[in-house]
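Below: the structure, in structure tokens.
No lab work stands behind these numbers, since they all come straight from the coordinates. Since this is a predicted model, take the numbers as computed values, not measurements. So basically every Cβ, Gly included, is an ideal-geometry build from the backbone, and we count neighbours across all protein chains shown.
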Amino acid sequence: MSNLRFSINSKSETPARTEIETRGFKFIVDEPAELGGTNLAPNPVEYILAGYAGCINVVAHITAKELNIDLKDLQIDIEGDLNPARLFGTSFTERAGYQQLTVSLKTKTNIDEILKTKWLQEIENRCPVNDNLRNVTPINFSLN
């Protein structure tokens, strides 16, 4: 299978709000009021969690089907903590991003522990967003 290319275009609307466009969809990214925004939309780090959950959902369903798991329902909860000190330039001892993420999948599907472990491994190994969060991805910045 050949590579798929994904892209977005964005425009700054205010110092805390950005309009994003991709594949004909438009949405905004904003910060809560306490971080200088107007709280009109999720912030960037919440969108990371949302994208992660969406990707896990797709991979969970693909792999459940392959493993003959009758997946009737699925809830994915993700949380993480980050210290905003680096973001605001008050300290550079901690990283700017999430220190750790906790992913919790909940389903009423009845499967044994061996199959549950196999299924979770497949989800972790095949989720593209999980791969990007766990591994270093080269990023090239430019300004013109």
Per 10 angstrom bin, beginning at 0 and ending with the bin that holds the maximum distance, the Cα pairs of region 66-114 fall in percents of 21, 30, 19, 16, 13, 0
Out of E31, E66, E124, a Gaussian network model of the chain with alpha-carbon springs under 10 Å gives the largest mean-square fluctuation to E66
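Whole-Å semi-axes of the chain's equivalent ellipsoid, largest first, each the root of 5 times a Cα gyration tensor eigenvalue? Please list the in-between numbers first.
Values: eigenvalues 205, 70, 53 Å².
Ellipsoid semi-axes (Å, largest first): 32, 19, 16.
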Are there chymotrypsin sites (Phe, Trp or Tyr not before Pro) in region 1-67 that DSSP puts in a loop and that have at most 13 other Cβ atoms within 10 Å, and which ones?
F6
Any aspartates and glutamates with Cα under 18 Å of the K26 Cα? List them, leaving off those in the same chain fewer than 8 positions away.
E13, E46
For the chain, take the longest principal axis of its alpha carbons; what is the angle in degrees between that and the long axis of helix 44-66, to the nearest 10 within 0 to 90?
20
Springs between alpha-carbon pairs under 10 angstrom, Gaussian network model over the chain: which of I114, I28, I123 fluctuates most?
I114
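Fewest first, what order do S10, S104 take by the number of other Cβ atoms within 10 Å?
Values: S10 12, S104 9.
Exposure proxy ranking, most exposed first: S104, S10.
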What whole number of Å gives the distance from the Cα centroid of region 119-144 to the Cα centroid of region 30-103?
13
